[in-house]
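To start, the structure under review is shown below, and the notes come after it.
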Amino acid sequence: MNSPTSETHQAASTSGTMAFVLIGPLVWAVHFTFVYGFQSVLCVVGERFSISQSIIVTGVVAATVIAAALLTIALMVPRRVEALVTATPSLPPQFVFQRRVMQGLVVLSLFAVLAEGAAAVVLPPCGA
Amino acid sequence: MEAETRPQTSISPTPRPEGELEELKRIWATPRGFRLVTAINNNVIGLLYIGAAFLFFLLAGVLALLMRTQLAVGDNNFVSQDLYNQLFTVHGTTMMFLFAVPAVEALGVMLLPQMLAARDLPFPRLSAFAIWAYVIGGLVFFSTIFYDLAPKGGWFMYPPLTTTRYSPGDNADFWLLGIGFIEISAIAGAIEIVLGVLRTRPPGMSLDKMPIFAWSMLIFAGMIIVAFPAVILATLMLELERAFGWPFFTAAKGGDALLWQHLFWFFGHPEVYIIFLPAAGLVSMIVPTMTRTPLVAYELIVIALIGTGFFSFGLWVHHMFATGIPSLSLAFFSAASMAVAIPSGIQVFAWIATIAAAPRGLRITTASLFVLGFLFIFILGGLTGVMVALVPFDLQVHDTYFIVAHLHYVLIGGMVFPLFATFYYWAPMASRRALSERLGRWVFWLMFVGFNVTFLPMHVTGLQGMPRRVWTYSSEMGWDTLNLISTIGAYMFAAGVAIFLLDLVLHFRSGEGGPDNPWDAGTLEWLPNDVYCTRSIPLVTSREPLWDQPRLAEDVEAGRHFLPNAPTGRRETVVTTAVEASPDYVMRMPGPGWAHFFAAVFTAGFFLLLTVKLVVLATISGVLAVVSCLVWVWELDPEPGDPVDIGGGITLPIYRSGLTSHAWWAVLVLMVVAGSLYLAYVFSYLYAWTVSPSVWGGSGSPAPPAIVWPVASGLLYLAAATAFWAAGHCLPERHRRGILTTILLFAGAVLIVVAVSVDVMGHWQTGLRPSSSSYGALVYLGIFLTAQLAAAIVVMAMFTVVRQLTGRLDRVRRVSFETTALLAYYACAQAILGLVLVNGFPRMI
């Protein structure tokens with residue numbers, strides 16, 4: 001049998017690697033869920049409780065700035081991000097592959113996040 | 001020759017002992033005669049799976065021809081309006097649920113073990129169960145068209161059209177229960193594929209050396225696991241509304257028909273990519289072989305596959321642009337629709353670049369013709385996809401034949417053409433003879449020309465205003481000529497498929513002995529194969545091992561690599577770590593058996609008998625299904641034994657429990673499935689509140705129960721989880737029996753049941769009823785979802801108790817306990833989340 005320590009280490013290493021590689025799409029998913037949910041709920045609640053629609057624009061833009069900042073950090077300092085989320089740093093050949101995939105996904109996610117956020121600036125928050 | 005001067009690899013010593021190969025053949029032998037249905041080898045059940053999926057393709061194709069015949073001329077009466085409604089519903093449903101997804105899942109089951117040089121996928125009986133469930137459920141569902149019992153609501157079955165008021169009878173129920181059941185089968189297959197790709201790769205095949213098809217199947221399976229629960233929940237809700245009047249979708253009681261669309265398309269749009277990504281993976285395997293050039297931009301393709309998988313979950317509302325959703329919401333989905341086009345484009349450019357980079361160009365075979373056809377058709381479909389992702393354009397063409405053209409360009413171009421390329425490319429692996437290249441050209445050109453003649457004019461028909469799903473049209477509309485051309489094209493396409501069938505009959509002969517690596521491919525599925533997959537499991541050092549290690553086939557066949565024998569005397573394979581693919585342990589696998597087959601038969605019986613309201617028989621069938629499952633899993637936690645030598649000086653354990661075991665991983669994936677289902681429920685609950693706050697607790701419905709009820713229920717769930725945790729710490733020493741474990745397992749099961757009961761009683765005593773409003777329906781639905789888990793945990797806990805009492809559970813041999821406890825922890829966490837949501841949310845607003 002594996003020792004409990006090595007089992008935990010192996011499991012942490014696997015989940016950490018997945019989190020590291022998928023950091024871009026995960027940030028995009030959280031951002032997307034937040035902006036869509038926030039805007040949809042506030043459009044309904046806003047009518048009932050007279051909440052200003054400018055809060056929606058502010059919320060979406062703020063979420064976009066935060067998500068974009070996180071993605072930019074992941075893009076710029078991948079080794080530090082990896083150290084943050086994985087139990088042990090990967091060996092060079094593995095890390096190079098994981099870093100490239102992570103960065104590629106971050107770039108795609110950044111495009112999607114910015115495109116979604118930009119819509120809040122140019123469109124009415126709740127109008128059809 | 002360079003290959004002959006290279007030294008032999010000798011991870012395992014050669015020559016191998018006499019009788020070793022015969023022993024492997026005996027252990028992995030395929031059952032004969034009527035016992036063939038007990039077979040679980042991937043090369044047997046994979047072929048059955050592909051055959052069944054192709055049969056459904058043919059059957060749905062026949063329905064398409066009937067529809068095209070009806071539409072060939074205006075004012076036609078070839079089929080009745082009612083039958084036409086059934087035809088398009090069964091055609092769409094069969095193509096999407098019974099052909100497309102099962103076909104690619106079948107290719108995964110068939111090809112992945114060979115591509116990963118694993119003896120088999122980790123849960124072969126689960127694969128076999130999924131396949132038999134699909135075959136039985138699918139055939140019964142399709143046969144409804146012959147008895148006027150087929151659904152008529154379109155493949156997406158929108159309410160209110162599909163509620164009992166507008167769709168009386170059992171027709172819609174066949175769709176809801178049949179498809180819900182088949183989805184469960186698809187999820188079972190997906191769990192198998194995730195575990196197979198992550199844990200049964202050969203030593204050395206780290207993530208950066210995985211074949212692209214394995215990557216695409218991993219993303220495909222992950223998407224099924226997240227997407228399918230949403231439609232399972234939706235079908236459950238609609239069936240509860242139809243059978244018991246729980247008003248999820250009835251506006252008069254606070255429901256909303258659009259909730260169905262949200263849930264359906266949260267599954268339905270990723271479904272398009274679920275179908276496309278494996279097909280793209282197949283193309284990424286065929287193109288390098290046919291150009292004899294490594295795939296250009298491997299890393300970019302991996303990025304594209306993962307990116308597409310994620311972004312496809314942000315597109316579902318682009319099927320709902322015409323439903324009056326605020327324009328900013330539409331813009332979020334429009335942006336995601338644009339974003340997903342980028343990774344799709346990356347793959348197309350990578351294939352073109354690979355062809356362009358080939359020193360000798362693309363070898364023109366039938367498989368490469370289908371790949372080229374795929375590129376042409378799919379790019380056109382992708383471009384019209386970008387057009388309909390633009391809200392103003394979509395509003396103009398919504399529900400017209402333009403959309404019919406677009407979706408067929410994407411689905412047939414993106415999936416059917418790569419599938420036929422696959423048939424021609426991989427046939428020599430499964431058959432003693434390759435398919436005919438001469439007949440293959442006929443097949444391709446008839447299908448390619450026929451397809452474009454059918455669907456290209458439909459863009460124009462749609463722009464001229466012809467709506468979808470109309471039984472006939474007036475000749476005065478001026479659509480006759482274009483429709484006649486489409487019908488002629490459909491028959492051309494069918495002629496191509498007919499010639500393919502002829503080719504199969506003439507040339508396909510299942511079994512070993514076909515030509516070795518006829519295309520000179522670089523990946524492992526072209527190693528010499530037998531019932532046990534490869535003689536030994538190779539050490540992989542590159543992405544195209546057969547190109548980079550020219551003696552590999554010979555060495556593997558001579559047993560010079562890992563596990564050339566069967567050291568435990570039964571079926572087994574090497575399990576490796578998920579990232580680096582380092583050898584981790586040897587997994588002992590089950591052999592042929594009846595239990596999974598009967599489990600599939602009785603599970604299908606349960607759903608289908610329930611559909612026709614034979615409740616007693618359905619219950620008996622359900623109980624028999626559970627018993628069959630218990631018999632099946634009884635032998636899945638074998639006695640731990642001594643470590644075994646797999647070659648190369650590596651000795652591996654043959655038993656593993658805990659965080660790194662395949663059983664633990666499987667339960668984790670199952671928890672993701674359950675979590676996705678529950679999140680879809682949370683979305684539905686909050687969505688219904690935004691639509692109808694007037695029926696919510698404290699407004700139009702009774703206020704939530706006094707706080708003591710949810711607190712009591714929550715404490716009981718915590719106590720249940722604690723009982724399971726304590727049971728884990730009280731497991732007896734090896735070969736001992738411990739009464740305390742038995743008591744704690746009983747206590748955990750009872751506490752969960754009591755907790756669910758307290759939750760129900762709390763709401764019931766306020767006067768809230770599930771049929772009174774959408775709020776009531778959603779409150780009780782949440783409890784129902786947890787109750788299902790509680791029922792499963794009770795059965796599993798009792799099973800674990802029996803194993804303990806029979807000396808099959810202790811501190812070392814503990815997998816059956818761990819799976820039960822993990823699911824119990826999850827159920828308690830989900831239940832407490834539900835208590836907070838349902839009891840806290842109305843009080844907060």
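Read-outs: derived from the displayed coordinates by stated rules, not from any lab. Quantities reported herein were computed from a predicted structural model and do not represent experimental measurements. Here Cβ is always computed from backbone atoms with ideal geometry, including for glycine, and neighbour counts include all displayed protein chains.
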By the gyration tensor of its Cα atoms, with a ≥ b ≥ c the square roots of the eigenvalues, what is the shape of chain B: rounded for a/c under 1.5, prolate for a/b over b/c, or oblate? oblate
Summarise the long-distance tail of P(r) for the range B:514-592 by giving the % of C-alpha pairs beyond 21 Å. 32 percent
Residue with peak Gaussian network fluctuation, chain A [Cα springs, cutoff 10 Å], from A:LEU84, A:LEU70, A:LEU26: A:LEU84
Other residues with Cβ under 14 Å from the Cβ of B:THR487 give, with Lys and Arg +1 and Asp and Glu -1, a net charge of 0
Can you give me the distance in nm between label points at A:ILE55 and B:PHE841, each placed 7 Å from the Cα along the Cα-to-Cβ direction? 1.9 nm
Simple spin-label model, 7 Å along Cα-to-Cβ: B:HIS507 to B:GLU733 in nm? 6.7 nm
Compute the helix-to-body angle for A:4-21: its Cα long axis versus the longest principal axis of chain A, expressed 0 to 90° and rounded to tens. 50 degrees
Which order do B:TYR49, B:TYR687 fall in if you start with the one that has the fewest other Cβ atoms within 10 Å? B:TYR687, B:TYR49
Point-to-point label distance, A:VAL45-B:TYR147, nm (Cα→Cβ direction, 7 Å offset): 5.0 nm
For peptide B:296-305, the mean count of other chain Cβ atoms within 10 Å per residue Cβ is 3
So who's got an amide H within less than 5 Å of the one on B:VAL644, skipping anything under 5 residues away but keeping other chains? H placed 1.01 Å off N, in plane. B:LEU652, B:ILE654
In degrees between 0 and 90, to the nearest 10, how far off the longest principal axis of chain A does helix A:54-76 point, with axes built from Cα atoms? 20 degrees
Calculate the dipole size of chain A relative to its Cα centre from +1 charges on Lys and Arg beta carbons and -1 charges on Asp and Glu beta carbons; express the result in debye to the nearest 20. 240 debye
Mind listing the long-range amide H neighbours of B:THR576? Cut-off is under 5 Å, sequence gap 5 or more, other chains count too, H placed in the peptide plane at 1.01 Å from N. B:THR200, B:ARG201, B:ASP584
To the nearest Å, what is the center-to-center distance of the range B:39-99 and the range B:268-341, using C-alpha atoms only? 26 Å
Assertion target for B:VAL79, B:VAL296, ordered by fewest C-beta neighbours within 10 angstrom first, is B:VAL79, B:VAL296
From DSSP H assignment alone, runs of 4+ in chain B each adding -39500 (n - 2.57), the sum over residues rounded to the nearest 500 puts [θ] at 222 nm at -21500 deg cm²/dmol
Counting other chain Cβ atoms within 10 Å of each Cβ in B:332-340 and taking the mean gives 6
What ³J(HN,Hα) values, in whole Hz, does the Karplus curve 6.51 cos²θ - 1.76 cosθ + 1.60 give for the range A:25-40 when θ = phi - 60°, with x put for Gly and Pro? x, 5, 5, 4, 5, 5, 4, 4, 4, 5, 5, 5, x, 4, 5, 5
Rounded to 0.05, the calculated FRET efficiency for the beta carbons of B:ARG811 and B:VAL711 at R₀ = 25 Å is 0.10
Name the residues whose placed amide hydrogens come within less than 5 Å of the amide hydrogen of B:VAL296, ignoring near sequence neighbours (fewer than 5 apart) on the same chain. B:THR354
Using the alpha-carbon atoms, what tilt in degrees (0 to 90, nearest 10) does helix A:92-122 show relative to the longest principal axis of chain A? 0 degrees
The distance between the Cα centres of the range B:696-772 and the range B:448-517, in whole Å, is 56 Å
Cβ under 13 Å from B:PRO203's Cβ, B:PRO203 left aside: what net charge do those residues give with Lys, Arg +1 and Asp, Glu -1? +1
Cα gyration tensor of the protein assembly as shown, axes a ≥ b ≥ c as square roots of the eigenvalues: rounded (a/c below 1.5), prolate (a/b > b/c) or oblate? rounded
Sorting check: for B:745-756, A:42-53, A:102-113, which peptide has the highest mean count of neighbouring beta carbons within 10 Å, and how do the rest follow? A:102-113, B:745-756, A:42-53
Each residue of the range B:531-542 in order: what ³J(HN,Hα) in whole Hz does its phi give by Karplus 6.51 cos²θ - 1.76 cosθ + 1.60, θ = phi - 60°, with x for Gly and Pro? 4, 8, 6, 9, 4, 10, 8, x, 8, 9, 10, 7
Within straight-line cross-link reach of B:LYS152, lysines at Cα separation under 29 Å, skipping those fewer than 8 residues along the same chain: B:LYS253, B:LYS613
How big is the gap, in Å, between the Cα center of the range B:558-582 and the Cα center of the range B:129-202? 37 Å
Starting with the fewest neighbours, write out B:LYS152, B:LYS209 ranked by other beta-carbon atoms found within 10 Å of each beta-carbon. B:LYS209, B:LYS152
